1. So which of 181, 208 is within 26 Å of residue 7 (Cβ to Cβ), in contact with a helix residue (DSSP H, G or I) (Cβ under 8 Å, 6 or more places away or on another chain), in a helix (DSSP H, G or I) and at pLDDT 95 or above?
2. What's the total number of residues in region 77-111 that are without any contact (Cβ under 8 Å) to a residue 24 or more places away in the chain, in contact with a helix residue (DSSP H, G or I) (Cβ under 7 Å, 6 or more places away or on another chain) and not in a helix (DSSP H, G or I)?
3. Any idea which residue in region 30-58 is nearest to residue 108 (Cα to Cα), counting only those that are part of a loop (DSSP other than H, G, I, E, B) and touching a helix residue (DSSP H, G or I) at 6+ places or on another chain (Cβ under 7 Å)?
4. Just the residues that are under 12 Å from residue 192 (Cβ atoms) and over 14 Å from the mean Cα position of the chain (by Cα), please, taken from region 210-238.
5. Counting only residues that are surrounded by 15 or more Cβ atoms within 10 Å (Cβ to Cβ), closer than 18 Å to residue 257 by Cα and within 22 Å of the chain's Cα centre (by Cα), how many does region 160-188 have?
6. Check region 72-83 and report whether any residue there is more than 18 Å from residue 260 (Cβ to Cβ) and either surrounded by 15 or more Cβ atoms within 10 Å (Cβ to Cβ) or modelled with pLDDT of 90 or more (or both).
């Protein structure tokens, strides 16, 4: 049961990132799109025919992905181990579970006709403001930002080194096709990782200036990298990267080796 949920989760992520990427591309080429994040993509999906049905499917997939990542983190079926690198990967799985579980819950809310709870920019700034009010809050925000930036850099390095190649079985494709798909996926993973680095840097900036308004989520990170202007070549490049990442997640949904934590 866990494996189908995990695969549906990957497919759900692919669909959402494809929507985010296409909207960003439309904005870059002045075709009426907008720069948004995963939660904003859910609102766009809802506005289309059968939007409620699609959101329910996405919600099930994302919540299933959340469950799989949590079980993966605690039971460690992929044998990451308890050394530093393995623990970092397992903690990363918990963070992924929280993030995509939250998006899945938002999809359920929207499908039921409830009002959207706001984008990730607003949530990141709200949490940043709360933490900044704590004793040594600036240090805590800076450390979180540093961890996020370091994780993004590690993902870029992994994409360059092609560390994820063994996680998928693309043997059903010809060698040239598999090589092309692999390169597209590595570009997509690197592009998304760059956004994570930007998010971390913005958190550090918010900590140094004691200003939660300087923090941002996915949408703010895209705009920061795009140079503040919504119609730029950099925005188009980011959009292509997000669509490439959507392809990577779609291939994971079909071809990834998934080890069930429950045996």
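The values are calculated or read from the model by the stated rules, or taken from the named source; none is laboratory data. Fair warning: this is a prediction, and the values are worked out from it, not measured in the lab. Glycine gets a Cβ as well: all are built from the backbone with ideal geometry, and neighbour counts include every protein chain shown.
1. Testing whether each residue is within 26 Å of residue 7 (Cβ to Cβ), in contact with a helix residue (DSSP H, G or I) (Cβ under 8 Å, 6 or more places away or on another chain), in a helix (DSSP H, G or I) and at pLDDT 95 or above leaves just 181.
2. 1
3. Step one: list which residues in region 30-58 are part of a loop (DSSP other than H, G, I, E, B), which gives 30-37, 47-50.
Among the residues that remain, those that are also touching a helix residue (DSSP H, G or I) at 6+ places or on another chain (Cβ under 7 Å) are: 32-37.
Numbers: 32: 27, 33: 24, 34: 23, 35: 23, 36: 19, 37: 17 Å.
By that ranking, first place goes to 37.
4. 225
5. Looking only at that region, the number is 6.
6. Scanning region 72-83, I find no residue that is more than 18 Å from residue 260 (Cβ to Cβ) and either surrounded by 15 or more Cβ atoms within 10 Å (Cβ to Cβ) or modelled with pLDDT of 90 or more (or both), so the answer is no.
Every residue, every condition in (1) assigned to a helix (DSSP H, G or I); (2) modelled with pLDDT of 95 or more; (3) surrounded by fewer than 16 Cβ atoms within 10 Å (Cβ to Cβ); (4) on the phi < 0 side of the Ramachandran plot, yes or no:
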site	(1), (2), (3), (4)
223	yes, no, no, yes
229	no, no, yes, yes
235	yes, no, no, yes
242	yes, yes, no, yes
260	no, no, yes, yes
